Amino acid sequence: MMAQSPPLVLKLLASSIRAATRAGKIIRDVMSRGDLGIIEKGKNDLQTEADRSAQKCIIVSLSQQYPNLTIIGEEGTSNSEVPSDWVVTDCDQGVLAMQCPEEYVNVGLKDITVWVDPLDGTSEYAQGLLDHVTVLVGVAVKGKAVGGVIHQPYYNWLTEADKLGRTIWGLSGLGVGGFTPRSPPEGQLIIATTRSHSSPLVQEALDALKPDTVLRVGGAGHKVLLVLEGKAHAYVFASKGCKKWDTCAPEAVLAASGGKLTDIHGNLYTYEETVAYPNNRGVLATAAGIDHSSIVNKIPQKIRDALV
Ligand SMILES: Nc1ncnc2c1ncn2[C@@H]1O[C@H](COP(=O)(O)O)[C@@H](OP(=O)(O)O)[C@H]1O
Ligand SMILES: [Mg+2]
Ligand SMILES: [Mg+2]
Ligand SMILES: [Mg+2]
């Protein structure tokens with residue numbers, strides 16, 4: 001009997017794990033060399049050589065394996081040559097060997113949009129808060145965030161440098177791999193929010209939720225990691241500013257763990273190729289077991305009306 005090739009969604013996730021991990025090494029190499037090559041894309045919006053190089057690595061690597069795949073990356077498109085050792089065309093064998101959830105077995109290339117944030121937490125990267133940095137690859141199927149990879153290249157850098165970096169993935173219907181999610185502590189409310197993009201509205205929403213603790217950290221990927229790790233109950237960002245590449249992978253990984261990522265009204269974003277990039281309705285993510293709608297309901301109507 002001929003061996004069946006793995007379903008596309010599973011294979012793409014397995015390739016994305018390898019590509020994101022390679023991009024993480026590029027991010028560390030740029031930092032080690034010490035010249036970040038910072039460009040200001042807009043107000044409070046930087047791009048470094050690490051953002052550019054990591055994106056090239058991921059896009060070239062996936063495009064070689066999946067010609068005609070729709071890939072949208074934060075740092076735009078460029079056809080420049082890349083060093084041959086940036087091109088990774090192997091797959092994570094552990095994920096490849098898994099049973100693909102039935103509903104994704106027959107998904108074709110045309111149903112998929114891949115959202116790439118090659119370096120999430122650029123502000124923090126430039127300021128040396130390196131564990132806030134993640135590499136995000138999200139796989140959307142017919143507009144739904146279904147699969148995701150969150151690679152954290154500097155995980156453990158201050159504590160166990162011999163175990164540097166980690167890669168966490170999720171697939172709807174299959175679960176989360178790369179670590180075991182934990183529940184946040186009962187009887188309190190810990191909220192993660194932006195460190196570098198706050199505003200009066202962001203603060204008003206936090207005040208209304210009366211959290212015991214607010215963790216102001218960089219990166220959408222990093223904040224969702226805190227929620228997955230049980231270090232925060234929720235990630236609340238009552239502002240525009242995040243884009244589809246910031247939330248696609250984190251949404252998919254969080255959903256695969258039983259949690260939820262939506263806009264501030266509690267509605268899911270969609271991720272089809274034609275969608276507008278900005279997440280103008282804010283971000284609200286909650287851990288598994290947290291009542292998402294009760295948090296939505298505590299956000300004052302005036303704030304919700306400002307995010308439409
Ligand atoms: N006001 C704003 N302007 C530009 N980008 C914003 C923004 N608010 C959030 N973002 C983007 O959303 C991501 C998470 O933001 P934060 O760390 O503040 O929570 C960051 O992604 P990048 O670092 O990939 O650009 C950041 O740039
Ligand atoms: Mg950016
Ligand atoms: Mg980002
Ligand atoms: Mg980025």
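The values are calculated or read from the model by the stated rules, or taken from the named source; none is laboratory data. This one's a predicted model, so the numbers in the text were calculated from it and none came from an experiment. Because the Cβ atoms are built from the backbone with ideal geometry, glycine has one as well, and the counts that use them run over all protein chains shown. Note: accessible area is taken over every heavy atom of the protein model, side chains too, but ligands, DNA and RNA are not part of it. Shrake-Rupley method; radii C 1.70, N 1.55, O 1.52, S 1.80 Å.
Using only the C-alpha atoms, the convex hull of region 79-237 corresponds to 180 Å³ per residue.
Who wins for biggest fluctuation among Ala205, Ala19, Ala238 in a Gaussian network model of the chain, springs between alpha carbons below 10 Å? Of Ala205, Ala19, Ala238, the most mobile in the Gaussian network model is Ala205.
Couplings 3J(HN,Hα) for region 288-296, derived from phi with the Karplus relation 6.51 cos²θ - 1.76 cosθ + 1.60 (θ = phi - 60°), are 4, x, 8, 6, 4, 5, 5, 6, 3 Hz, where x marks Gly and Pro. Applying both filters, DSSP loop and at most 11 other Cβ atoms within 10 Å, to the GluC sites (Glu not before Pro) of region 123-226 gives Glu160, Glu186.
Beyond 20 Å, what percent of the Cα pairs of region 190-306 remain?
Details: 2174 of 6786 pairs.
Percentage above 20 Å: 32.
Distances between every pair of Cα atoms in region 251-308, grouped in 10 Å steps from 0 to the bin holding the largest one, split as 23, 49, 26, 2 percent.
How much of the accessible area of region 25-135, in percent, comes from carbon and sulfur atoms when a 1.4 Å probe is used?
Values: 2500 of 5430 Å².
Its accessible area is 46 percent carbon and sulfur atoms.
For region 1-100, report the % of Cα-Cα distances exceeding 18 Å.
Numbers: 2632 of 4950 pairs.
Above the 18 Å cut-off, region 1-100 has 53 percent of its Cα pairs.
Along its first, second and third principal axes, ordered by size, region 166-233 spans 38, 28, 20 Å in Cα coordinates.
For the chain, the Kirkwood radius over C-alpha pairs fed into Stokes-Einstein at 37 °C and 0.692 mPa s yields D = 170 µm² per second.
The long axis of helix 200-209 is offset from the longest Cα principal axis of the chain by roughly 70 degrees.
Write down the accessible area per residue of the chain in Å², having rolled a 1.4 Å probe over the full set of protein chains. Don't skip to the end; give the middle numbers.
Numbers: 13520 Å² over 308 residues.
Using a 1.4 Å probe on heavy atoms only, each residue of the chain averages 44 Å².
Roughly how tilted is helix 49-65, in degrees to the nearest 10 and between 0 and 90, from the longest Cα axis of the chain? That works out to roughly 50 degrees.
Look at the alpha carbon pairs under 8 Å that are at least 6 residues apart: their mean separation over the length of region 8-177 gives a relative contact order of 26 percent. Distances between placed amide hydrogens fall under 5 Å for Ile168 paired with Ile150, His151, Gln152, all partners being 5 or more residues away or on another chain. Three principal axis extents describe the C-alpha atoms of region 8-177; from largest down they are 46, 36, 32 Å. Measure nothing but the geometry: give the 0 to 90° angle between the long axis through the Cα atoms of 244-256 and the longest principal axis through the Cα atoms of the chain, rounded to 10°. Its long axis makes an angle of about 90 degrees.
Here the Gaussian network model covers the chain, with springs between Cα atoms less than 10 Å apart; of Leu225, Leu254, Leu96, Leu96 fluctuates the most. Measuring between alpha carbons in the structure, the pairs from Lys110/Lys298; Lys110/Lys260; Lys163/Lys240 lying more than 32 angstrom apart are Lys110/Lys298; Lys163/Lys240.
Pairs of Cα atoms nearer than 8 Å and 6+ residues apart set the relative contact order; for the chain it is 17 percent. Helix-only arithmetic for the chain: the sum of -39500 (n - 2.57) across DSSP H runs with n ≥ 4, divided by the residue total, places the mean residue ellipticity at 222 nm at -9500 deg cm²/dmol.
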